[in-house]
Amino acid sequence: MDFLKILGIKEENFGASTGLTWYKTTDHGIINVTSPADGIPIAKVYQCSEQDYEKVVTKAHEAFKYWRTIPAPKRGEVVRQIGNKLREYKEPLGRLVSYEMGKSLQEGLGEVQEMIDICDFAVGLSRQLYGFTMMSERENHRMYDQYHPLGVVGTITAFNFPVAVWAWNSALATVCGDSNLWKPSSKTPLCVIAVQNILSNVIKENNLPEGLFSLIIGKGSTVGEKMLNDKRVPLVSLTGSTAIGKHAAEVISKRFGKTILELGGNNAIIITPNADLQLAIPAVVFGAVGTAGQRCTTTRRLIVHDEIYDRVKESLLKAYSSLKIGNPLDQTNHVGPLIDRGAVEEFKHALKMVEKEGGKIIFGGDVISGNGFESGCYVRPAIVEAENSYKIVQEETFAPILYLIKYSGDVQNAIDIQNDVVQGLSSSIFTNNMREAETFLSHWGSDCGIANVNIGTSGAEIGGAFGGEKETGGGRESGSDSWKQYMRRQTNTINFGTKLPLAQGIKFEI
């Protein structure tokens, strides 16, 4: 395919890079990358060794020592150029994301656009890394705080957003004066290699140090554990399952490192009797089936008032019946494949479990086979009538299963149902009633990191801080003041007088 050649993807690729140098280890395992869209092998990737990791981190640390001395606006200029390179390669990179991961071409292109957008955001941010001045209680003293570069930032990304989440972290970290170390999912390594090839152009054109943008593709049990335990990596941003996040947090906290954790979501939309269903239904459907249900912000629970339950159910069944499922590179299709057959088995298992608990599948739930579906990764999105208390409903299944749940009474009852899970990422309410909307956004409303009114749970803009509470991990990425996590904070006090008064009026004379 032409886009593979344009992006520098070869039949055999290596798994460790400092931006310009690729370490050519070939004896630590091979990843055979197959597209879930058609089941056809794309390329091979040799996994890196622990020795490769040491070389890469050493270069990354050296690059940080240099990069922290560069004025932030000049760092921003490099990020601006990265954004422009991504514009240049948007179409082929978007196609690769779609083909390797399985999301629709529109979503693949949108993911690359998200990278471009965060670069633009970071360029402006490079001139706004502000501190604050505070009033000192001591005469002739000035007190303020400021932010300094932190070090090597490690970013561990998941398969479902193989490139955008790295950009959220790296664009901000770069303007903050940090160097970057990327460990991607082994399920989508080609997208990452393509980005590294794009970055190499900017590195060469600006004579940047090797290690400013580094990459390791390898086993979590080897190089992954080394990153978690490495004091030269003061911050690790991890996107993945709650179980992996718990392990990472424990390991990193033992060395007093910092974490940004973006873990599981069990996101709900509430539809009240005051909702505009013409807005609500499309939002629910996209939220539930977009990326074949493999977003951390996927809509997994739909909490509907009993007065309108039957109307909503009928509308959903009609909408789901019109969904086109097939190759994600065909822009007429709405739903592509799951990432692999393991994900298909999880989809099937969840549906078996919900039926055992008393749930009723009212649409879909089958695996699609036959002409055009040879990969075995295509499923028909499912709608299931269920109760929030079911064990399987309390868990996150990374697949297109929408649990339809009734509520009665006022909106607080719906909010209590929504909050009654261990995850707390994204949430939404559809209502034209101001009191219901404001209750949802109040201190006693949604307990999620993201709470929306009259839009769905997925598709966040980069301008806002992204992340969730509870077992979602508490981390924040992307916009707002998330940049502060990539820096170390320092309070400074300057005495420009001729006396040495002590705080709190303490007297000490010698």
**Request:** Those residues that are surrounded by fewer than 16 Cβ atoms within 10 Å (Cβ to Cβ) and either of a type outside the set (S, T, N, Q) or assigned to a loop (DSSP other than H, G, I, E, B) (or both), I need them from the stretch 22-34; list them, please.
**Result:** Lys24, Thr26, Asp27, Ile30
**Asked** Can you tell me which residue in the stretch 60-74 is nearest to Pro149 (Cα to Cα), limited to those that are open to solvent by 60 Å² or more (accessible area, probe 1.4 Å) and part of a loop (DSSP other than H, G, I, E, B)?
**Response** Arg68
**Prompt:** How about the stretch 35-49: which of its residues are open to solvent by less than 80 Å² (accessible area, probe 1.4 Å) and either free of Cβ contacts under 8 Å to residues at least 24 places away in the same chain or not in a loop (DSSP other than H, G, I, E, B) (or both)?
**Reply:** Ile42, Ala43, Val45, Tyr46
**Fill in**
Filter the stretch 171-191 for residues that are assigned to a loop (DSSP other than H, G, I, E, B) and of a type outside the set (S, T, N, Q); the one that is most open to solvent (accessible area, probe 1.4 Å) is Lys187
**Request:** Could you list all residues from the stretch 332-362 that are over 20 Å from Pro36 (Cβ atoms) and either touching a residue at least 12 places away in the same chain (Cβ under 8 Å) or out of contact with any strand residue (DSSP E or B) (no Cβ under 8 Å at 6 or more places or on another chain) (or both)?
**Result:** Lys352, Met353, Val354, Lys356, Glu357, Gly358, Gly359, Lys360, Ile361, Ile362
**Prompt:** In the stretch 230-272, which residue that is among the polar types (S, T, N, Q) and part of a strand (DSSP E or B) is surrounded by the most Cβ atoms within 10 Å (Cβ to Cβ)?
**Reply:** Asn267
**Message:** Condition first: under 19 Å from Leu86 (Cβ atoms) and in a loop (DSSP other than H, G, I, E, B). Now tell me which residues in the stretch 1-19 satisfy that.
**Reply:** Leu7, Gly8, Ile9, Gly19
**Prompt:** For residues in the stretch 204-223 being buried (at least 20 other Cβ atoms within 10 Å of the Cβ) and of a type in the set (Val, Ile, Thr), which is nearest to Trp67 (Cα to Cα)?
**Reply:** Ile216
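One line per residue, one yes/no per condition, for (1) under 17 Å from the mean Cα position of the chain (by Cα); (2) surrounded by fewer than 21 Cβ atoms within 10 Å (Cβ to Cβ); (3) free of Cβ contacts under 8 Å to residues at least 12 places away in the same chain; (4) more than 26 Å from Ser480 (Cβ to Cβ):
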| position | (1), (2), (3), (4) |
| --- | --- |
| Tyr99 | no, no, no, yes |
| Gln106 | no, yes, no, yes |
| Met115 | yes, no, no, no |
| Trp166 | yes, no, no, no |
| Asn169 | yes, no, no, no |
**Message:** Could you check the stretch 273-288 and list, in sequence order, the residues that are open to solvent by 10 Å² or more (accessible area, probe 1.4 Å) and among the β-branched types (Val, Ile, Thr)?
**Reply:** Ile281, Val285
**Asked** Does any residue of the stretch 308-317 turn out to be touching a strand residue (DSSP E or B) at 6+ places or on another chain (Cβ under 9 Å), surrounded by fewer than 21 Cβ atoms within 10 Å (Cβ to Cβ) and among the acidic types (Asp, Glu)?
**Response** no
**Message:** Of the residues Glu461, Glu436, only one is closer than 30 Å to Val112 by Cβ and not in a strand (DSSP E or B); which?
**Reply:** Glu461
**Prompt:** Does any residue in the stretch 364-391 that is on the phi > 0 side of the Ramachandran plot and outside any strand (DSSP E or B) come within less than 9 Å, Cβ to Cβ, of a residue that is basic (Lys, Arg) and open to solvent by 20 Å² or more (accessible area, probe 1.4 Å) six or more places away or on a different chain, and which pairs are these?
**Reply:** Gly364/Arg380; Gly365/Lys348; Gly365/Arg380; Gly376/Arg341
**Prompt:** In this structure, is Gly218 in contact (Cβ under 8 Å) with a residue 40 or more places away in the chain, in contact with a Leu (Cβ under 8 Å, 6 or more places away or on another chain) and within 19 Å of Ser186 (Cα to Cα)?
**Reply:** no
**Complete:** Expected single match for in contact with an Asp or Glu (Cβ under 8 Å, 6 or more places away or on another chain), without any contact (Cβ under 8 Å) to a residue 24 or more places away in the chain and part of a helix (DSSP H, G or I) among Gly110, Gly94 is Gly94
**Request:** Check off (1) polar (S, T, N, Q); (2) out of contact with any Cys (no Cβ under 6 Å at 6 or more places or on another chain); (3) not in a loop (DSSP other than H, G, I, E, B) for Ser427 and give me the number that stays unchecked.
**Result:** (2)
**Message:** Just the residues that are basic (Lys, Arg) and at positive phi, please, taken from the stretch 414-461.
**Reply:** none
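The values are calculated or read from the model by the stated rules, or taken from the named source; none is laboratory data. This structure is a prediction, so every number in the text was calculated from the model and none was measured. No Cβ is skipped: glycine too gets one built from the backbone with ideal geometry, and neighbour counts run over all protein chains shown. For the accessible areas, the whole protein counts, side chains as well, though only heavy atoms, and no ligand, DNA or RNA atoms are used. Shrake-Rupley method; radii C 1.70, N 1.55, O 1.52, S 1.80 Å.
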